[in-house]
Amino acid sequence: MNEKKFFAITASLVNSNDVTKKIGTLQEKLLHRIIKHYFENDISYHEIKIGPFYADILKEKEIVEIQTRSFNKLRKKLDFFLPNYRVTIVYPIPHIKWLYWIDENTGEISSKRKSPKKGTIYDAIFELYKINPYLNHPNLRICLLLMNMEEYRYLNGWSTDKKRGSSRYNRIPTELIDEVYFNSPFDYQAFLPSNLPLHFTSKDYQQLSPINQRKAQIALKILTDLECVIRVGKQKNLIIYQKNKQDR
């Protein structure tokens, strides 16, 4: 992790794309562009065509794909890329987020407000599940970027205050907090809390993790498929799990 490099790239690109004066004019989202330059500042390696697809970054048989959402859209790319290239999927997660609201009619931007939610690596679970069959591929690794950011949203939602169901305009990172890499299936044990008992259910897992029951069940599905946990029995209608300590 290189915080100074990240800050310098962010400052440069934000200054050249003043979002407070160019609402609605940006083509490539700033968050995507900043991350792309952070991983490779030489634009000659950006947006390289490989067969029917474009890679965000291609350098010496290494591909970097920056995906801010909708991992299901990656499946066809992964089918094409993984047999011949090492692929890193980068997924940004807002750690601390400040919200700005944009009036579509006047272009006026509200003062910022801090979101009560604090992001963690567990926010990637739903997206990871969309590419679950690929996670154990030897040519695939995942990088979760935790960062503080500012988010601009249009006041065009369906609720009375127009915030619920609103569309997002842009996100601007302000600080890089952490980079978490998953280079092999065993690395996904990072999603297992250290204080889990030897045998546990999805309910135990949910209570010790910052997630709800549905997300806990999905996480355990992923971890079971990756053999990070194994099923060792049942307790009424709940499956009993155990962390797999096998060295790999």
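Please treat every number below as a calculation from the coordinates, not as lab data. None of these values were measured; they are calculated from a predicted model. All Cβ positions, glycine included, derive from the backbone under ideal geometry; neighbour counts span all protein chains shown.
Data overview
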| read-out | value |
| --- | --- |
| Positive-end residue of LEU198, PRO138, LEU128, charge dipole of the chain with Cβ unit charges | LEU198 |
| Amide proton proximity set for GLU175, modelled H, under 5 Å, gap of 5+ | ASN148 |
| Region 61-148 pair-distance distribution - Cα-Cα, 10 Å bins, rounded % | 15, 38, 24, 16, 6, 0 |
| About the Cα centre, charge dipole magnitude for the chain (Lys/Arg +1, Asp/Glu -1 at Cβ), debye | 860 debye |
| Mean Cβ count within 10 Å, highest first, over the residues of peptides 143-152, 156-165 | 143-152, 156-165 |
| Helix 30-39 vs. the chain, principal-axis angle (Cα, 0 to 90°, nearest 10) | 60 degrees |
| Contour minus Cα-Cα distance for SER70 and GLN242 (0.36 nm per residue) | 58.9 nm |
| 0 to 90° range, to nearest 10: angle between helix 3-16 axis and the chain longest Cα axis | 40 degrees |
| By average C-beta atoms within 10 angstrom, highest first, the peptides 36-45, 217-226, 87-96, 106-115 | 87-96, 217-226, 36-45, 106-115 |
| Distance histogram in 5 Å bins (all Cα pairs of the chain, percent per bin) | 1, 6, 12, 15, 16, 15, 13, 10, 7, 3, 1, 0, 0 |
| C-alpha long axis of helix 213-225 to longest principal axis of the chain, angle in ° | 70 degrees |
| Prolate/oblate/rounded call for region 190-243, Cα gyration tensor, a/c under 1.5 rounded | rounded |
| Fewest-first ranking of LYS245, LYS97, LYS29, LYS203, using other Cβ atoms within 10 Å as the exposure measure | LYS245, LYS203, LYS29, LYS97 |
| Prolate/oblate/rounded label for region 102-157 (Cα gyration tensor, a/c 1.5) | prolate |
| Alpha-carbon centroid distance for the pair region 171-243 / region 41-102, whole angstrom | 25 Å |
| Per-residue [θ]222 nm for the chain (sum of -39500 (n - 2.57) over DSSP H runs n ≥ 4, rounded to 500) | -6500 deg cm²/dmol |
| Set of lysines with alpha-carbon distance to LYS162 below 21 Å, sequence-local pairs under 8 removed | LYS97, LYS112, LYS114, LYS117 |
